[in-house]
Each structure stands twice: as C-alpha cells, then as structure tokens.
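The values are calculated or read from the model by the stated rules, or taken from the named source; none is laboratory data. This structure is a prediction, so every number in the text was calculated from the model and none was measured. Ideal geometry is used to build each Cβ from the backbone, glycine not excepted, and the neighbour counts take in all protein chains shown.
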Amino acid sequence: MRTRDENKRLTICQKALKMIVEKGFDGLSMQKLAKAAGVSPATIYIYFKDREDLILQLWSQEMEKMVTATLAGFDPEMSFEEGMKVQWLNRAKFCMENPLSMHLMEQIKYSPYHLTALKQIDNNFVTTMGTFVHNAIKRKELIKLPLEVYWCTAFAPLYQLVRFHMSGKGLRGTEKFVLDNKTMQQALELVLKALKP
C-alpha cells in the first residue's frame, strides 16, 4: 500500500477546487486533475475512492473551514442584533478571503450532489444556529418564519453584496462597488428591521 502524503492531498484538493469553479463539475476529470496537480492518476485514488468522493470530501473540507470562520466569536445566547452582526462580519470575511470556496458551495447547492452533501454538514453548526434563532424568537427579537424565508431575509442580501464586491461592479455592471462597513451596516439594519416583530 502506498503511503499518504498530506501535501499531495492538499495540492490535489486545491487544483480540483480551481478546476470545478472554472470549468464546472463536467470539467473535472481525474486525468486533467492529475496533470494539474503533478501526480499520477493512481495517486489521486490513494486519497479518494472516485470522482464523486473527491467532490464531496472537497465540499466537506471547505464547509468545515466556513463553519469555523462563521462561529468565531459567536455565541447562540447573544441578542439577535449582536449575533447577526457577528454572523454577517464572519460570513463576509470568509467569502471574500475564500472566493473559490464560496463558488464551490454555490455550485454544490444547485447540483445533484446537494442532498448527499447536506448529510455531511456539521450538526454542531446546525444546532448552534437553531439555538440562536429559537432564543431570539423566545425573547421576541425575531418573528417566527419558515426556515427558507428566514434564511433568504437574514443572509441572501449579504451574499449578494459580497458577490457585487467580488466582481468589483454594482448592479448595472458599470460602476465600481466595494462592500465597506457602512454599506454592510446599512443593509444589516434593513434586514433586522424586516425580521423584528
């Protein structure tokens, strides 16, 4: 049995992430990946059972980084306003520092891999977010909403602003756009207003 080299695994993952984001899932072949990573195709199979396993492990690895970043300095016992501010800052920072991770998560969300990937999500993250929301509802800081409506109202505006920032262009595509603290705070205040009872 061949030995595992974590540096090789890391290189394979980095190249796979780049290929998926640039060319989609169909653009990821083990032959092309091996060439890009400077390894033999057989080396890839030391770390991953097959192409699907590689994609799902990659998603799990990137999601774990996102969860760690999102929970930094966050406590589910915080007031809704304070907790949302921490969440927005953490999520925006992670996405802007890890654009490939953000794109991969988007691609997985709208792919056949989505349901399988969701089964791998960190239960601690789900529980922590659930506790935060339930606490806010109990304290009458948040109206009770279906999960999808809550998420779209609470976080979709942030992710769209991050996308504008990452492209460097606003909605019309002609003017420069930078997501600064003032703009983020303005959007967050509107979100909080919409979610308060």
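Inspect all residues belonging to the range 148-167 and state whether any of them is under 23 Å from residue 75 (Cα atoms) and in contact with a Ser or Thr (Cβ under 9 Å, 6 or more places away or on another chain).
First pass over the range 148-167, keeping only residues under 23 Å from residue 75 (Cα atoms): 148-159.
Still in the running and in contact with a Ser or Thr (Cβ under 9 Å, 6 or more places away or on another chain): none.
Looking through the range 148-167, none of the residues is under 23 Å from residue 75 (Cα atoms) and in contact with a Ser or Thr (Cβ under 9 Å, 6 or more places away or on another chain).
Within the range 119-139, identify whether any single residue is assigned to a helix (DSSP H, G or I), at pLDDT below 95, touching a helix residue (DSSP H, G or I) at 6+ places or on another chain (Cβ under 7 Å) and not assigned by TED's automatic domain parsing to the domain that holds residue 18, and answer yes or no. Looking through the range 119-139, at least one residue is assigned to a helix (DSSP H, G or I), at pLDDT below 95, touching a helix residue (DSSP H, G or I) at 6+ places or on another chain (Cβ under 7 Å) and not assigned by TED's automatic domain parsing to the domain that holds residue 18. If you go through the range 147-193 and pick out every residue that is at pLDDT 95 or above, farther than 30 Å from residue 127 by Cβ and of a type in the set (Ser, Thr, Tyr), you end up with 1. What is the residue count in the range 83-120 for residues that are in contact with a His (Cβ under 9 Å, 6 or more places away or on another chain) and of a type in the set (Val, Ile, Thr)? Of the residues in that region, 1 qualify.
This table checks each residue for (1) closer than 21 Å to residue 161 by Cα; (2) hydroxyl-bearing (Ser, Thr, Tyr); (3) surrounded by 15 or more Cβ atoms within 10 Å (Cβ to Cβ).
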{"residue": "57", "(1), (2), (3)": "no, no, yes"}
{"residue": "63", "(1), (2), (3)": "yes, no, yes"}
{"residue": "96", "(1), (2), (3)": "yes, no, no"}
{"residue": "103", "(1), (2), (3)": "yes, no, yes"}
{"residue": "112", "(1), (2), (3)": "no, no, no"}
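When restricted to residues that are surrounded by fewer than 16 Cβ atoms within 10 Å (Cβ to Cβ) and within 23 Å of residue 82 (Cα to Cα), the range 160-171 contains 1.
The condition (being touching a residue at least 60 places away in the same chain (Cβ under 8 Å), in a helix (DSSP H, G or I), within 24 Å of residue 99 (Cβ to Cβ) and not assigned by TED's automatic domain parsing to the domain that holds residue 155) is satisfied by just one residue among 33, 58, 54, 17: 17. Candidates 131, 153, 174, 183: the one that is under 25 Å from residue 98 (Cα atoms), surrounded by fewer than 14 Cβ atoms within 10 Å (Cβ to Cβ) and without any contact (Cβ under 8 Å) to a residue 60 or more places away in the chain is 174.
Going through 141, 148 one at a time, which residue ends up being within 29 Å of residue 181 (Cβ to Cβ) and surrounded by 14 or more Cβ atoms within 10 Å (Cβ to Cβ)? Full working, then the answer.
Values: 148 fails: surrounded by 14 or more Cβ atoms within 10 Å (Cβ to Cβ).
It is 141.
You will find that of 171, 158, the residue that is farther than 21 Å from residue 197 by Cβ and either in a helix (DSSP H, G or I) or within 19 Å of the chain's Cα centre (by Cα) (or both) is 158 and no other. Of all the criteria given as (1) closer than 29 Å to residue 151 by Cβ; (2) modelled with pLDDT of 95 or more; (3) surrounded by 13 or more Cβ atoms within 10 Å (Cβ to Cβ); (4) not aliphatic (A, V, I, L, M), the one not satisfied by residue 116 is (2).
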